[in-house]
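A short write-up of the structure that comes next.
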Amino acid sequence: MNRRLFLLAATAFACQAASAQSSVTLYGLISTGIVYTNNQVGSDHHGHSTWQFASGPMQTPRWGMKGVEDLGGGLKAIFILENGYSIANGTLSQGGRMFGRQAFVGVSSNSYGTLTLGRQYDEAVTLCIFESACQFAAYGAHIGDSDNVFDTFRINNAVQYKSINYRGLQVEGLYGFSNKAGGFSDNNAYSAAAQYANGALTLGAAYLQVNNPNDSNNTNGAVVNDYGFSSPFITNPATGSGVSKQRMFGAGGAYAFGTASVSLLYTNVMFQYLDTSRLSLQNGEISLTDFVRPNVLLGAAYIFTTGSYHPQNDDPKWHQVNAGVDYLVSKRTDLFLVGIYQKAAGDARFAQIYSLSPSSTKTQVSAVIGMRHKW
């Protein structure tokens, strides 16, 4: 009897200890609003003003689970399973995936950094802190999110390493396998980034390359189903031919002074198409934010995009202005109002703000008012 009691007590103690050294956290975000656009092409091929219900104008809705287990000696086992969904109709996002935003497991070391395996963000996302769309401007991403800084797609079959923070410097890298026998580079991807933060100054640089994304001959590769861009100058404007290679490198910086901050971001993107044509795009952005009150953020940004498409020798250009106000009702809930103006120039035939249908003219204006709640 005493032995039985001892075993029960020991089991209870072991369970308690394990519970104290590990945890699973449920988290999420809901964002919704009403969007007005002055000109979107409809099914009749004419431009119309529209009012639309929006799911996720200020960060897309998601819920997830993250866990950590202390393995001792400064090592921890970690995982994240994160789902994207539409608050408008309850459907799954990211091509209908159960955990389409993130799904990975790995190990973290206090001395050596973190190694994770699964579906993950590439390193272009490290530049998001310098982009106004991530700061305050809802859909105000660079044209078509050509640089993937705004996370249009993620990487499957990915192994990612992130170093520890060493005196403000952190580096990371990712490789996404093609998983195809005899096709090592058929739908694979790789990226790298470095970040440095010291007081009011933050700097970052990133590189990304994907080969044969969305290849119908390899549906088990690194980029499947959720790859795609809305602007005709990003999908091949001449033939609609698919992408054989996308390469991006970019750099950004931010400096905070008092309650205000200024950010600069530059990205250079190259698309090579299956028909051997190619497109290069350069995005330059400057944004200003200021907490005019502890719970009120004002923001403004200007984006200039210039491109070159060959062999047609087209030179599309776009100008974009973002402006917004974010009112923090509490630590978890905020209300926002964002206005976006875009003008096409050069050989760009129309304006097209990210996530919207194109305009029938060279200008497009959009405004969104909404609410976001985090838990």
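The values are calculated or read from the model by the stated rules, or taken from the named source; none is laboratory data. Just so we're clear, the structure is a prediction, and the values are computed from it rather than from any experiment. No Cβ is skipped: glycine too gets one built from the backbone with ideal geometry, and neighbour counts run over all protein chains shown.
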request  = Filter region 209-228 down to residues that are surrounded by fewer than 17 Cβ atoms within 10 Å (Cβ to Cβ) and closer than 21 Å to PHE150 by Cα and give me whichever is modelled with the lowest pLDDT.
outcome  = GLY228
task = Please specify each residue of region 332-360 satisfying the condition of being of a type in the set (S, T, N, Q) and under 19 Å from GLY42 (Cβ atoms).
result = GLN342, GLN352, SER355, SER357, SER359, SER360
remark   = Being part of a strand (DSSP E or B) and on the phi < 0 side of the Ramachandran plot narrows TYR139, TYR175 down to just TYR175
ask   = Does SER111 satisfy being surrounded by fewer than 16 Cβ atoms within 10 Å (Cβ to Cβ), at pLDDT 95 or above and not in a strand (DSSP E or B)?
value = yes
message = Residues to consider are ALA254, ALA192, ALA206; find the one that is modelled with pLDDT of 95 or more, over 18 Å from ALA141 (Cα atoms), in contact with a helix residue (DSSP H, G or I) (Cβ under 7 Å, 6 or more places away or on another chain) and part of a strand (DSSP E or B).
response = ALA192
query = List the pairs whose first member sits in region 175-192 and is in contact (Cβ under 8 Å) with a residue 12 or more places away in the chain and crowded, with 20+ Cβ neighbours inside 10 Å, whose second member is part of a loop (DSSP other than H, G, I, E, B) and of a type in the set (Asp, Glu), and whose Cβ atoms are under 8 Å apart, counting only residues at least 6 apart or on separate chains?
reply = GLY176/ASP122; SER178/ASP186; ASN187/ASP215; ALA189/ASP122; SER191/ASP122
message = I need a count of the residues in region 75-99 that are part of a strand (DSSP E or B) and among the polar types (S, T, N, Q).
response = 1
inquiry  = Checking the conditions here, which among GLN352, GLN320, GLN342, GLN282 is surrounded by 15 or more Cβ atoms within 10 Å (Cβ to Cβ), of a type outside the set (Gly, Ala, Ser) and part of a loop (DSSP other than H, G, I, E, B)?
reply    = GLN352
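Which residues, counting only those in region 34-68, are among the charged types (D, E, K, R), touching a residue at least 24 places away in the same chain (Cβ under 8 Å) and either in a loop (DSSP other than H, G, I, E, B) or crowded, with 19+ Cβ neighbours inside 10 Å (or both)? Let's see the steps before the verdict.
Filtering region 34-68 down to residues among the charged types (D, E, K, R) leaves 44, 62, 66.
Narrowing further to those that are touching a residue at least 24 places away in the same chain (Cβ under 8 Å): 62, 66.
Passing the criteria: only ARG62.
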request  = Only residues that are under 12 Å from the mean Cα position of the chain (by Cα), outside any loop (DSSP other than H, G, I, E, B) and farther than 24 Å from SER359 by Cβ: list them for region 142-159, please.
outcome  = ILE155
query = Does any residue in region 111-137 that is within 19 Å of ALA206 (Cα to Cα) and touching a residue at least 60 places away in the same chain (Cβ under 8 Å) come within less than 8 Å, Cβ to Cβ, of a residue that is assigned to a helix (DSSP H, G or I) and among the aliphatic types (A, V, I, L, M) six or more places away or on a different chain, and which pairs are these?
reply = GLN135/ILE129
note = For region 229-251 the number of residues that are in contact with a helix residue (DSSP H, G or I) (Cβ under 9 Å, 6 or more places away or on another chain) and either surrounded by fewer than 16 Cβ atoms within 10 Å (Cβ to Cβ) or assigned to a strand (DSSP E or B) (or both) is 3
Those residues of region 355-375 which are assigned to a strand (DSSP E or B), surrounded by fewer than 18 Cβ atoms within 10 Å (Cβ to Cβ) and touching a Leu at 6+ places or on another chain (Cβ under 8 Å), in sequence order = ILE369, MET371, HIS373, LYS374
